[in-house]
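Participant: Pasting a structure below so you can have a look.
The values are calculated or read from the model by the stated rules, or taken from the named source; none is laboratory data. All of these numbers come straight from a predicted model, not from anything done at the bench. All Cβ positions, glycine included, derive from the backbone under ideal geometry; neighbour counts span all protein chains shown. Keep in mind that these areas ignore ligands, DNA and RNA; they rest on the heavy atoms of the full protein, side chains included. Shrake-Rupley method; radii C 1.70, N 1.55, O 1.52, S 1.80 Å.
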Amino acid sequence: MVKIKNVIRNSPASLAGIIPDDTLLHINNQEINDVLDYMFYASETSLTIEVIRNGEKISFSITKDEYDDVGLEFETFLMDCKQSCRNKCVFCFIDQMPPNMRETLYFKDDDARLSFLQGNYVTLTNLEQHDIDRIIKMKLNINVSVHTTNPDLRVKMMHNRFAGEKLRYIYQLAENGIQLNCQIVCCPNLNDGEELRRSLSDLGRLMPNISSMAVVPVGLTKFRDGLFPLTTFTPEKASETIDIISEFQEIFLQKFGTRTVFPSDEFFIIAGRDIPPMEYYEDFPQYENGVGMVRSLIDEFEKALAVAEWQGGKRHVSLAVGYAVYEFMKQLAEKAEKYFPLLKCDVYRIRNDFFGETITVTGLITAQDLIAQLKGRNLGDSLIISDSMLMRDNEIFLDDLTVQDVENALGVKIRHTPNDGYELLDAIIGITY
């Protein structure tokens, strides 16, 4: 049962007579407990909606077009609380956060509903058989954090005694036609090497119902006192991991016509290898896991340069980026300067003092590191940063300072852009929307 917060005016629910503070009980005799139940059963064209009003059950009949919104709004997006993670993974980034940050940064979600709705990755350790049955019934494709298919090792890595036996859900979902995107956070001397081969081999047996797999390197901050001893990837270890993945890419390509498994960009950067060409990434199925982001940005930027028009007059801008992508961004800036002689584009690599120097990605740069390392520099007309440094749909950095705070401290206007070569070039040459 879920309390209805609001009923959209002139919606099917409003016209039928449902009002705020009614409690939603059933749709077509199916109990409604959360957003997945609601979306699945409310998609029909003919609905019987049962609510409780002042302790009395009342039924309403609604006819609508398929998938049209019924018009009910609830207290939360999920219609109940997020499911928190039951694991204590040895590589968990949240356990490596400094103290005294905003409370939301310490919440670990492991919610299968968010996997379907927002693309989050889940370990399946929160689920029971009835949850799996519901996913199969609703045909919900989800994203799974696998990490290893070795049951004993999965228990060790997740510090959850059920983590190994819950692997059976992956096989059950795949066998029932559910498409899975899988993720492996790879830790040197733990689930890499032969263990990685085992995991890729086991998951490969579930194809074609494994849509894609990403292998990403563990990220380690300086806040690891008392945590499981882990090390970062060396160039040699990163190269070995790329080679293992390449072996399976060839096997999958021959059998299924797709590489399926991809290393994140960080592996190529750590190994000192060239970023593969665009066709390597196929349709970029693991883009949000950092797979192909660098190649996409480079190619888009070069295409944008070919058609860009200079806006007139001299222009000086600066880019602030993490160590991992500094060389790539510097090369793009130099290309732009050669293309537009009136442009000066400085690129600054920001050392991550906040989380520790082993964190080199741009998205984890904080406002205080930007201020400390760019203070007093001539940053030109604009400082360009990545959207990934900021909260989604907001202008707040991880350390709770705002874009405005950084602008005030550095005395320069900031423009933030997504990982898009066209928008990056627009920001550099001064095109506004």
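Participant: Quick check on my filter: what residues within the range 297-318 are acidic (Asp, Glu), open to solvent by 50 Å² or more (accessible area, probe 1.4 Å) and either assigned to a strand (DSSP E or B) or touching a residue at least 24 places away in the same chain (Cβ under 8 Å) (or both)?
Facilitator: Glu302
Participant: Mind checking which pairs have a first residue in the range 396-407 that is free of Cβ contacts under 8 Å to residues at least 12 places away in the same chain and open to solvent by 40 Å² or more (accessible area, probe 1.4 Å) and a second that is of a type outside the set (Phe, Trp, Tyr) and outside any loop (DSSP other than H, G, I, E, B), Cβ under 7 Å, 6 or more apart or different chains?
Facilitator: Close Cβ pairs satisfying both conditions: Ile396/Leu390; Ile396/Thr402.
Participant: Against the definition (surrounded by fewer than 13 Cβ atoms within 10 Å (Cβ to Cβ), without any contact (Cβ under 8 Å) to a residue 40 or more places away in the chain and under 19 Å from Asp133 (Cβ atoms)), how does Asn29 come out, yes or no?
Facilitator: yes
Condition check ((1) assigned to a loop (DSSP other than H, G, I, E, B); (2) in contact (Cβ under 8 Å) with a residue 40 or more places away in the chain; (3) surrounded by fewer than 19 Cβ atoms within 10 Å (Cβ to Cβ)) across all residues:
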{"position": "Gly380", "(1), (2), (3)": "yes, yes, yes"}
{"position": "Ile385", "(1), (2), (3)": "no, yes, no"}
{"position": "Ser388", "(1), (2), (3)": "no, no, yes"}
{"position": "Asn419", "(1), (2), (3)": "yes, yes, no"}
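Participant: Given (1) farther than 24 Å from Lys413 by Cβ; (2) part of a loop (DSSP other than H, G, I, E, B); (3) open to solvent by 10 Å² or more (accessible area, probe 1.4 Å); (4) of a type in the set (A, V, I, L, M, F, W, C), identify the lone condition not met by Phe354.
Facilitator: (1)
Participant: So which of Val294, Val361, Val321 ends up being surrounded by 19 or more Cβ atoms within 10 Å (Cβ to Cβ), among the β-branched types (Val, Ile, Thr), touching a helix residue (DSSP H, G or I) at 6+ places or on another chain (Cβ under 6 Å) and closer than 19 Å to Glu407 by Cβ?
Facilitator: Among Val294, Val361, Val321, only Val321 is surrounded by 19 or more Cβ atoms within 10 Å (Cβ to Cβ), among the β-branched types (Val, Ile, Thr), touching a helix residue (DSSP H, G or I) at 6+ places or on another chain (Cβ under 6 Å) and closer than 19 Å to Glu407 by Cβ.
Participant: Identify, from the list Gly226, Gly290, the residue that is without any contact (Cβ under 8 Å) to a residue 12 or more places away in the chain and closer than 25 Å to Lys88 by Cβ.
Facilitator: Residue meeting the stated conditions: Gly226.
Participant: Please work out which one of (1) open to solvent by 10 Å² or more (accessible area, probe 1.4 Å); (2) assigned to a helix (DSSP H, G or I); (3) aromatic (Phe, Trp, Tyr) is the condition Tyr169 fails and give its number.
Facilitator: Result: Tyr169 fails condition (1) only.
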